[in-house]
Every structure is written in C-alpha cells, then in structure tokens.
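**Student:** Structure below; questions to follow.
The values are calculated or read from the model by the stated rules, or taken from the named source; none is laboratory data. This one's a predicted model, so the numbers in the text were calculated from it and none came from an experiment. So basically every Cβ, Gly included, is an ideal-geometry build from the backbone, and we count neighbours across all protein chains shown.
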C-alpha cells in the first residue's frame, strides 16, 4: 500500500527543465519544452524537416527499499513513466475537465482533472542521472512528417 501510494504521487509530480528552441541543422528542429517559459511558440512539423522533442522525466526513490539497487530501479522506472507522459502531452495534448459547485453565490467545491491518452513509440533515453534519491531521465523522440 505504501509503495503504490508513493509511486502514484511520484508519477503525478512533474518538473520540466528550462530550455529554448534551437535549430541543429536544416533537417531537424530541436524542441526542449519548459513548463516555466510562457512565451514559447511550438514549431510546426513540415515535410522537409524532422521535429526532435526532448523532455526530462523525474522520479524519486521510495524511502523504504530493500537495497540501493531497488531504490535506483524504482526511481528510474518512475522517471521513465514521467518522461513518457510528458512526451504524450506535448504530441497529443492534454484533456482538462473541471467542475465547480456553487451554493448561495459562494464556491463550495472545485475539481480539475487532466488525462492523456496516447501511445509513445520510438523514444530514446539520452541520459540518466541519479543523485540523492532523485533520478532524472532525458528522453528524446524524433518526429517526421511521414509518420503522420
């Protein structure tokens, strides 16, 4: 029970690394998405270029594990799941549903839920770092016009 609750919390938390759009060459457009940069303009996918999406997934090891190896494995798994979710959000989008309950002109309850329904295929793990119980995985996916 403790593990499933902790893992659910870990997967729910996400942190994007800061980044900018930069062109590597004429055939690829690199996109490093940042949750803090509100001025980002997402590039469009054209038939002459490939779009490279890079995200950073993060996962934390549970406080109670049988060994350091188990802590590393669980943190890496959570980081990969977070990275895949971020890629799916960027490519497919996020469904946001909200509901407010008002009584006597006062807000009684407000709920917001988000969901993503996508399949991520072809993502590459570029880098994995593990420090102080936090695992960070850099995932990259290359999109081409012919895939869509």
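**Student:** For region 89-112, give me the residue count where each residue is more than 14 Å from the chain's Cα centre (by Cα) and closer than 26 Å to residue 74 by Cα.
**Tutor:** 0
**Student:** Using the structure shown, decide if residue 71 is assigned to a helix (DSSP H, G or I), in contact with a helix residue (DSSP H, G or I) (Cβ under 7 Å, 6 or more places away or on another chain) and under 30 Å from residue 131 (Cα atoms).
**Tutor:** It is false that residue 71 is assigned to a helix (DSSP H, G or I), in contact with a helix residue (DSSP H, G or I) (Cβ under 7 Å, 6 or more places away or on another chain) and under 30 Å from residue 131 (Cα atoms).
**Student:** Filter region 117-137 down to the residues that are assigned to a strand (DSSP E or B) and in contact with a helix residue (DSSP H, G or I) (Cβ under 8 Å, 6 or more places away or on another chain) and list them by number.
**Tutor:** 125, 128, 130, 134, 135, 136, 137
**Student:** Do you know which residues across region 117-145 are exposed (fewer than 10 other Cβ atoms within 10 Å of the Cβ) and over 14 Å from residue 84 (Cβ atoms)?
**Tutor:** 131, 132
**Student:** Assess whether residue 10 counts as being in contact with a helix residue (DSSP H, G or I) (Cβ under 7 Å, 6 or more places away or on another chain) and at pLDDT below 50.
**Tutor:** Yes: the conditions hold for residue 10.
**Student:** Could you tell me whether any residue of region 97-116 is buried (at least 16 other Cβ atoms within 10 Å of the Cβ), free of Cβ contacts under 8 Å to residues at least 60 places away in the same chain and in contact with a helix residue (DSSP H, G or I) (Cβ under 6 Å, 6 or more places away or on another chain)?
**Tutor:** yes
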